[in-house]
Structures are given as C-alpha cells and as structure tokens.
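Report on the structure given below.
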2 protein chains.
Amino acid sequence: MQKPDYTLYVCTDRHLMSSPTIEESVEKAIEGGAGIIQLREKDVSSRSFYDTAASVHRITMAHGIPLIINDRADIALAIGAEGVHVGQEDLPASVLRRMMPEGTIIGVSASTVEEAIRAEADGADYLGVGAMNPTATKADAENVTIGTLKEIRRAVRIPIVIIGGINMGTIPSYKGLGVDGIAVVSAVVAAPDPAEAARKLRSLWLA
Amino acid sequence: MQKPDYTLYVCTDRHLMSSPTIEESVEKAIEGGAGIIQLREKDVSSRSFYDTAASVHRITMAHGIPLIINDRADIALAIGAEGVHVGQEDLPASVLRRMMPEGTIIGVSASTVEEAIRAEADGADYLGVGAMNPTATKADAENVTIGTLKEIRRAVRIPIVIIGGINMGTIPSYKGLGVDGIAVVSAVVAAPDPAEAARKLRSLWLA
C-alpha cells in the first residue's frame, strides 16, 4: 500500500451513523473520497469488534485504502489492519512501534505541543490534533486553538489531521496552516448522504 | 519459564480485593501458593491497564510465575506477559495462536463440551471451566454441572482449571475428577488474609 492520503480521514461511529450498518457507512465514505478510514468501537465485546473490523477491512482492502483501528492494537493485529490510532489514555506509540509489524501506520491524538512532540519522538506516523471545536462525540474535550495548531505544525514534521467539529462551516478557518487533512466523524457518517457529504467536504478543503 | 503449575490459579479483581493495591493482592496470593496469576481489568483505559500489567508483571517475574492477561492480547504483547485468557466473547484462540509469540500460554473459558473441544482444536493450552457455582463476579453465568465437567474432561487432553464459587466449602465436590487446578477470585483476593486463604485452599485441594 502507498502512503496514506490524509486529505479526508473518516472515523466511524455506530451510534451517530445514518447508514444501517458500519459497512455501508464506510462504503459511502470511500465512495465520497475518504482516503483513510478509522474504525472506532466502544462498549462492544472483543469478538464483536474483531468481526466488524474483519468485515470493514474487506471493504477498505477492495478500495486499496488503509484501515486504522482505534485503540485496540490486538484487533488491528488480528485482522492485519494497516494501522492503529491511540489517544493519550491508550498504549504509548513507543510501545506500539515495538510490538506492531513493520510498516504499521501509528496515529496519535494530540492536543498540546508537548503531546505532539512526544508522539513524533515515540514513532507516530501522523497526529490527530483536536478537538478543534466542541462536538457530540467528545463533548468534554478541551478545544485546541488555532494558535496551538500553528505551534504544533511548527514543532513536528509528520502529517497532521485536524479533528473535532470539522464541517462545511469550520473548514475555511483551517486552510493555509500546513495541515495535511481533515478528520471527520458525524459530518460524514451522520449525514443523510454520506458520499455526497464526503465529496463536498473534500472539495471545500482542497479548493 | 517451566510449564505452569495450575494447582492454584488466582484471578485479580480490583473491586473485590481486600488489599489496598492489585500489586499487594498479587504478592499475597503468590506468598500463599498461587502458581499462576490472571490480571483482569474492566472499565479502565488501555494506558491504565498497561501500567498495572507492567507493575504486576515485575512481581510475578520476580517469583518465576506466569502472568496471564484477561482478554486484551495487546496488553499482553505490550508487557511481554506469559499468556492471555479469553472468553467466548473475546478473540478466538485460533487467531491468538497466529498473532502471539511462540510459547504464549493461551487459556479459554468453556462451559460446554463443544466449546471445550473447539478451544483445544484452536490451540488453547488450558481451559477455564465454569462457572461451577453462582458467584458475585459472574452472577449471570449459567452453571456447569459436574456431569458436564466430567464430559469435558473426557473430551479434551489439555489442563483444566475450574472456576466459579470455588472455596473451602465447594472444593471437596471437585476432587478425583481429573481437574488440574482451581481458579479463584474472591476466595483469595477478597479474604482478609489472602496469603492464608490461598494456603488453605491449596492444601485442601491437594489433600
């Protein structure tokens, strides 16, 4: 697989999605131009997470798009996912780098310059910086200012995707800052037409 | 590390333990004769599970005793634990056998003959058979009869530990059935003196 295209990074959300299944949600996101998919599952058994991940992976593989598993490196290993994404309360990137196969994409959530620098030093391949805005998914997260985002961009060399309330209204604020892509959850998966929503977000970001 | 001694298999429980820390709980269980320790953590972040596992592993390694991680194969890999234990709702043993390092101890919970046979075929090293009795830890589990336990013993060759309400009162019922050891949670970790409780359970089982 080539280098991931971070332009439009779509995270799943079983509880927010407009589609009847995660698989359909992912199909539509890819149809609309998602270049990378993150599967995020909470409060499900490991077996259920594994089954869903295997099923979603068949879809992403058919489109040649990397699948990133949120938090659970064991699920990523079990299905042979292309990557794993961790937050500050998950396994450290340095530990993942040691235990995952060579070439595994490791992403880390960062909301401060210190977290960003540490993640890059630990071997992260990209950063998810946010939450940029308050969202339904992470209502309690502290927001990252544009000033901090600029500082993070200056502090690290790895790709940065921004996350948290990224939508048609907020996208213009984040252009020209050296950000590699936008990561979205509800703006795509909760949209009545996720493919159309993805296309519009991608166009606006690239415009 | 040699073959595990399944005689007294102690599972941790942060919510039931009488000790102020998991580490102290494990120290006392080992002092009382536990030959194998399972770390079970639910509803904690991956980072917190990892930190606890690393800390408990230092203790078990100092005593030359295998540490088994419940469910989370990624935590087991991250700390280099000797094994992982999975239930029927966790990753299948066949998948774990492929993704874990050679020599990893893989345990599977089984409550029926079918589950036991499949686990052995999938490459499990031992079975946790139960729940033998209703317990506070697994109040909703269906109980395994002595008849089923005997059938499972005839059906598989791998070691069997029984779990679920195994205590000084119930131990005599399970002797002479070809069971390799007893797995306990509260009978040790919730006891006022876990080391003394472990010693007594082990002695009664071996008597």
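Annotations
- In a reduced charge model with +1 at each Lys and Arg Cβ and -1 at each Asp and Glu Cβ, the protein assembly as shown shows a dipole moment near 300 debye about its Cα centre.
- In the assembled protein chains, B:C11 presents an accessible area of approximately 10 Å² (probe radius 1.4 Å).
- Candidates per GluC sites (Glu not before Pro) in the range B:95-184, loop by DSSP, up to 16 other Cβ within 10 Å: B:E102, B:E142
- Rounded FRET efficiency, nearest 0.05, which uses the C-beta distance separating B:R157 from B:M61 and R0 of 35 Å: 0.75
- Summarising the label geometry, the points placed 7 Å from Cα in the beta-carbon direction at B:R97 and A:R199 lie 4.8 nm from one another.
- Charge dipole of chain B (Cα centre as origin; +1 on each Lys and Arg Cβ, -1 on each Asp and Glu Cβ, all else neutral): 480 debye, rounded to the nearest 20.
- Charges were assigned to the Cβ only: +1 to each Lys and Arg, -1 to each Asp and Glu. The resulting dipole of the range B:29-76 about its Cα centre is roughly 40 debye.
- Qualifying trypsin sites (Lys or Arg not before Pro) for the range A:101-176 [loop in DSSP, other Cβ within 10 Å: at most 14]: A:R157, A:K175
- Positive-end ranking of A:G123, A:G33, A:S55 along the dipole of chain A, with charges on Cβ about the Cα centre, is headed by A:G33.
- For q = 0.10, 0.12, 0.13, 0.17 Å⁻¹, Debye-computed log10 I/I(0) when each Cα of the range B:52-207 counts as one equal scatterer: -0.36, -0.53, -0.62, -1.08
- Shielding by partners, peptide A:69-82 (average Cβ within 10 angstrom, other chains): 4
- Closest approach to the axis carrying B onto A, counted by Cβ on chain B and given in whole Å with its residue, is B:D74, 2.
- CD proxy at 222 nm, helix term only [per DSSP H run n ≥ 4: -39500 (n - 2.57); per residue of chain B; nearest 500]: -11000 deg cm²/dmol
- Among the trypsin sites (Lys or Arg not before Pro) found in the range B:4-82, those both in a DSSP coil and sparsely packed, with 10 or fewer other Cβ atoms within 10 Å of their Cβ, are B:K42.
- Taking 7 Å steps out from each Cα toward its Cβ at B:L177 and A:D43 produces label points 3.7 nm apart.
- Pseudo-label separations to other copies for B:Q88 - Cα-to-Cβ vector, 7 Å, nm: 4.1
The values are calculated or read from the model by the stated rules, or taken from the named source; none is laboratory data. Being a predicted model, the structure only gives us computed values, none of them experimental. Reconstructed Cβ throughout: ideal geometry from the backbone, glycine too, with neighbour counts over all protein chains shown. All accessible areas refer to the heavy atoms of the entire protein, side chains included, with ligands and DNA or RNA removed. Shrake-Rupley method; radii C 1.70, N 1.55, O 1.52, S 1.80 Å.
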